[in-house]
Amino acid sequence: MGKKRTRNPDDDVAMADEVRAQQKKNNDSDSDSDEDMDIVNVDFELFNYDPQIDFHGVKTLLRQLLDADASLFDLSSLSDTIVEQNTIGSTCKVDDKANDAYAFLTVLNIQDQQSKKPVIKQLAEYLAERAKKSPDETLQKAVPELLLGEGKQQVGLVLAERLLNMPAEVIPPMWSCMIDEIEAAVEDKEPYEFTHYLVLSRTYLEVESTLDQTERKNKRSKATGELQYFHPEDEEMRKFALAAGSFEYTREGEAAAADSKRAFQEMGIKPVGFMMLIEAAKFQKAVQAITEYVATGGVSMEMS
């Protein structure tokens with residue numbers, strides 16, 4: 001694949017300024033509501049991928065994104081694929097480009113990459129199989145056909161993850177920047193003219209924890225309540241989705257998940273995968289919606 005258009009360095013400055021401005025706005029609001037709270041100001045900046053720097057940071061975040069099923073994939077190859085697309089998507093860092101990423105965002109052309117990268121073919125097959133087990137009937141049918149079919153549809157697989165408790169202000173600039181980069185890549189005749197976007201994320205259910213070893217042998221923890229979001233903006237984005245739904249990981253039992261991921265609470269949590277299929281015509285509107293959602297204080301920090 002030829003070299004893509006390089007993002008203007010001034011754009012990085014503008015994006016960083018946008019993040020800082022939104023952080024200041026929210027911090028001022030927090031100060032009004034709780035004057036005793038200590039606030040630490042941290043400047044986040046967005047960078048293009050650098051294969052010499054970002055491999056390990058992206059790999060760590062991919063392991064978090066794929067959760068219990070991360071061991072199914074060659075994460076080294078997937079990380080290489082992401083960082084080699086060095087003008088599509090962003091890393092978010094503090095202080096210096098040489099540091100590991102606190103967050104990353106990218107989009108991969110499933111149809112274009114499957115024949116070149118075995119890990120992308122494996123990931124496509126995995127997502128098609130997981131979609132079949134989703135409670136959403138449209139997702140069950142549409143995702144396997146789009147990912148594995150021989151039609152002319154082009155699917156952009158969106159992979160995004162960040163460290164726990166990252167401020168929500170970093171979200172909109174990363175997505176907006178990626179949209180601009182996709183438009184520039186299409187102008188340069190690169191294979192990023194998608195008909196659909198498939199966004200992979202994580203969610204969770206609360207479960208009844210059974211910490212007692214004897215009791216654990218005799219019963220499984222039961223999932224309770226509604227689907228909850230590790231990334232709260234996903235709830236806003238799914239409003240624009242053609243189909244969206246959760247799916248269970250193949251390598252994690254309910255009891256193990258509940259007890260190993262308890263966070264000083266009576267209820268445990270059961271992580272489950274989540275995917276959203278969004279038509280290209282609605283993708284920019286979805287990004288604008290989460291931008292407004294964050295700007296109006298709809299989300300500030302995500303849970304750990």
note = Here, Thr250 and Glu187, labelled 7 Å along Cα→Cβ, have an inter-label distance in nm of 4.2
task = Show the residues, 5+ positions off or on another chain, whose built amide H is closer than 5 Å to the amide H of Gln154.
result = Thr195, His196
query = Ranked highest first by average number of other Cβ atoms within 10 Å, how do 140-148, 193-201 line up?
reply = 193-201, 140-148
request  = Using a cut-off of 13 Å between beta-carbons, work out the net charge of the residues near Asp95 (Lys and Arg +1, Asp and Glu -1, Asp95 not included).
outcome  = -2
query = Once you list every other residue whose beta carbon is under 14 Å from the beta carbon of Lys152, what net charge do they have if Lys and Arg are +1 and Asp and Glu are -1?
reply = -4
ask   = Sorted by mean Cβ packing within 10 Å, highest first, what order do the peptides 161-173, 62-74 take?
value = 161-173, 62-74
Under the Karplus curve 6.51 cos²θ - 1.76 cosθ + 1.60, θ = phi - 60°, whole-Hz ³J(HN,Hα) for segment 186-197, x wherever Gly or Pro sits = 5, 4, 8, 6, 7, x, 10, 8, 8, 9, 9, 10
key: Global geometry of segment 41-84, whether rounded, prolate or oblate, following the gyration tensor of its Cα atoms and the 1.5 cut on a/c   = oblate
ask   = Applying the Karplus parametrisation 6.51 cos²θ - 1.76 cosθ + 1.60 with θ = phi - 60° to the phi angles of segment 155-166, what ³J(HN,Hα) value in whole Hz is obtained for each residue in order, glycine and proline being reported as x?
value = 10, x, 7, 8, 10, 8, 7, 8, 5, 4, 6, 5
key: Hz values of 3J(HN,Hα) by residue in segment 76-88 - Karplus curve (6.51, -1.76, 1.60), Gly and Pro given as x   = 5, 5, 5, 5, 4, 4, 5, 6, 6, 7, 7, 10, 10
request  = Evaluate E = 1/(1 + (r/R0)^6) for Gln153 and Ala295, where r is the Cβ-Cβ distance and R0 equals 25 Å; express this FRET efficiency to the nearest 0.05.
outcome  = 0.15
ask   = Whose amide H sits under 5 Å from the amide H of Gln85, counting only residues 5 or more places off or on another chain, with H placed in the peptide plane?
value = none
ask   = Which entries of Lys117/Lys285; Lys59/Lys93; Lys152/Lys282; Lys132/Lys282; Lys117/Lys141 show an alpha-carbon separation above 21 angstrom in the structure shown?
value = Lys117/Lys285; Lys132/Lys282; Lys117/Lys141
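FYI, it's all coordinate maths here, none of it is from the lab. Everything numeric here is computed off the predicted structure, so don't read it as measured data. Note that each Cβ is placed from the backbone with ideal geometry, even for glycine, and that neighbours are counted across all protein chains shown.
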